[in-house]
Structure formats: structure tokens, C-alpha cells
Amino acid sequence: MDFFIFFTIFSSVFLLTKAHEPNNTSYGRVYPGIRYPFRIQDEQPHHSGHPGFELFFRQNKTYIHFPTYGDLIVKTISYDTRKLNLIDPKNCVPDVFLNLNLSLTPFSYYYVLKEYTYINCSSHLSTSFVQVPCLSGLNHHVYIVETSISPPISCNFVKTVAIPFSYSPYLSDNSFGLSFTWNLTGECDDAGIGCQSETLLHNKGLFGVANDKVIGLIAFIFLAVTLFYAKMALHKVFDLVKEKEKLGEIKVGKVLGEYEALNPATVSKSDIKVLIH
């Protein structure tokens with residue numbers, strides 16, 4: 001009995017642990033750096049991530065897609081600070097700032113924003129203005145200026161946007177300023193474990209995948225314990241019956257011997273049983 005109880009408890013702890021393991025594997029592949037709210041698109045189940053946090057692989061790089069711009073490379077993800085650092089594969093961060101509409105995504109810029117105006121000029125401006133090379137060409141020259149500056153007559157207004165930084169040739173790389181954060185209500189920190197609202201919303205609620213395993217495990221343990229105690233009860237009943245039958249046989253044999261010694265011709269075994277009972 002002690003062994004059975006130990007085995008049941010050990011199995012319960014093991015299976016419960018397996019049921020609540022973070023779901024970061026799929027088809028035998030392991031993604032140690034990817035966890036909730038992110039997931040690998042088409043390779044991990046929908047409930048393992050939040051909508052808008054789908055990642056995918058291409059040419060040994062991890063990408064995330066933004067509807068108004070396109071695909072950006074994932075550089076790093078910091079879950080503690082909720083910071084997503086990206087790289088523009090086109091090597092033109094000012095173009096990302098110009099066209100990216102984060103209102104259609106669950107993300108926002110990580111840094112404080114300031115409004116700047118993009119202008120497109122037909123000729124070079126004075127050296128006080130810095131041209132954006134990746135947006136400019138032979139016959140057009142793009143600049144990012146303060147909103148308080150009136151564009152010269154040779155320039156056309158393009159767009160005013162709230163962005164983290166203006167263009168600077170000293171800070172022009174393919175990732176400067178491309179840092180984003182997210183804020184989900186009731187968000188889980190580790191693949192949905194210990195989270196209530198997000199788990200209920202994205203992990204199929206109370207009857208999610210992990211909960212199905214737990215419910216099945218509880219049912220299995222209950223059935224095993226019930227069968228065990230039913231078996232023990234039957235053994236006790238059989239033992240009592242055997243003990244009673246054995247005791248009855250002893251009494252019958254003893255009385256029969258005594259009566260046969262006195263009058264063996266007139267006393268039968270069935271008569272003695274009647275007298276005893």
C-alpha cells in the first residue's frame with residue numbers, strides 16, 4: 001500500500017509538470033528564445049502566442065511582419081523589459097519610421113517620440129539640413145526636419161510622423177531606433193504559465209490543452225485509487241468469509257465428535273449443524 005501511494009504521488013507530480021511545460025517545441029524542433037507572447041508561425045499552435053506576435057524563419061534569420069511596411073529582422077527580444085529590437089533588411093530605418101503604422105499592431109516605440117516632418121526637395125538644401133541617402137536619388141532629396149521649420153520653396157511636404165529620432169549620419173545603421181515594446185492586459189511572463197486572463201483568452205480557457213491533461217490525470221488517479229480500495233475491501237470480505245467458514249468447520253467437528261462418542265447411531269452431522277446455528 002505504501003508503494004502504491006508513493007507511485008501515485010510521484011506519477012502525479014511528474015505528469016502535472018509535463019502538462020504545464022512551456023510550449024516552445026513543435027515537430028521535434030526547439031525554440032529556446034521564443035516564448036509567449038511570441039510564437040513561430042505555422043509551426044507552433046495559435047494558443048501558444050498572442051495575435052500580432054507571429055515570427056517566421058527565412059534564410060537562417062527570424063522575421064516579424066508589419067502590415068504597413070513589410071518584414072523586419074528580429075535582433076533580440078528582452079522579456080524582462082518587454083523590448084523588441086529589430087533590424088531593417090533594406091538598411092533604411094528612416095523609411096521604416098515613415099511608413100510603419102503601429103496602431104495596427106500590438107507594439108509601440110520603446111523610446112520617447114517626437115514629431116518630425118519629411119520633405120522632398122528637387123535640389124540640395126544648405127549644409128544645415130542633412131539629406132537622408134537611402135530615401136534620396138539624383139533628382140530628389142529627402143530631409144527630416146523639425147515641425148517648426150517651414151520647407152523651402154523647392155521642397156514638398158511628405159508627411160509628419162512621431163518617431164524616436166531624426167536622421168543623423170553618425171547614428172545611421174540598420175537598427176538604430178527600431179526598438180519596440182508591448183503591453184498586454186494580464187500578460188503571462190512564461191509561455192502563459194500562471195496567467196489568468198491571457199490564458200483564458202488564448203489557451204482555450206478552462207478546458208485548454210494543459211487543463212485537459214490535468215483533468216485526465218485527476219480522473220486517472222481517482223480511478224486508480226477507487227480500484228485499489230475496492231480490491232482491498234473485497235479481500236477483507238473474502239478473508240472474513242473464509243475465517244467464518246473455518247471457525248464453523250471447527251465447531252461442527254468438535255460437537256460431532258462429542259455426540260458420536262455418546263450416541264453415534266442416532267446423531268447426524270446435519271442435526272449437529274442445526275443445533276449449533
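I'd like the residue in the stretch 76-102 that is exposed (fewer than 15 other Cβ atoms within 10 Å of the Cβ) and of a type in the set (S, T, N, Q) and, out of all such residues, is nearest to GLY49 (Cα to Cα).
Filtering the stretch 76-102 for residues that are exposed (fewer than 15 other Cβ atoms within 10 Å of the Cβ) and of a type in the set (S, T, N, Q), the one nearest to GLY49 (Cα to Cα) comes out as SER78.
Does any residue of the stretch 165-177 turn out to be not polar (S, T, N, Q) and not in a loop (DSSP other than H, G, I, E, B)?
Step one: filter the stretch 165-177 for residues not polar (S, T, N, Q), giving 165, 167, 169-171, 173, 176-177.
Within this subset, residues satisfying the condition of being not in a loop (DSSP other than H, G, I, E, B) are none.
Among the residues of the stretch 165-177, not one is not polar (S, T, N, Q) and not in a loop (DSSP other than H, G, I, E, B), which makes the answer no.
Mind checking which residues of the stretch 139-164 are surrounded by 16 or more Cβ atoms within 10 Å (Cβ to Cβ), within 9 Å of TYR116 (Cα to Cα) and either touching a residue at least 60 places away in the same chain (Cβ under 8 Å) or of a type in the set (D, E, K, R) (or both)?
Residues satisfying the conditions are VAL161, ILE163.
Any chance the stretch 46-54 includes a residue that's at pLDDT 90 or above and outside any loop (DSSP other than H, G, I, E, B)?
Yes - at least one qualifying residue is present in the stretch 46-54.
Any residue at all in the stretch 144-163 that is charged (D, E, K, R), at pLDDT 75 or above and closer than 25 Å to LEU104 by Cβ?
Yes - at least one qualifying residue is present in the stretch 144-163.
Just give me the residues in the stretch 20-45 being among the hydrophobic types (A, V, I, L, M, F, W, C) and either modelled with pLDDT of 80 or more or under 21 Å from LEU104 (Cβ atoms) (or both), in sequence order.
Residues satisfying the conditions are ILE34, PHE38, ILE40.
Failed condition for CYS121, given (1) of a type in the set (A, V, I, L, M, F, W, C); (2) modelled with pLDDT of 95 or more; (3) surrounded by 15 or more Cβ atoms within 10 Å (Cβ to Cβ); (4) under 18 Å from PRO164 (Cα atoms), with all others met?
(4) is the only condition that CYS121 fails.
The values are calculated or read from the model by the stated rules, or taken from the named source; none is laboratory data. Just so it is clear, the structure is predicted and the values come from calculations on it, not from any experiment. Note that we place each Cβ from the backbone using ideal geometry, even for glycine, and neighbour counts take in every protein chain shown.
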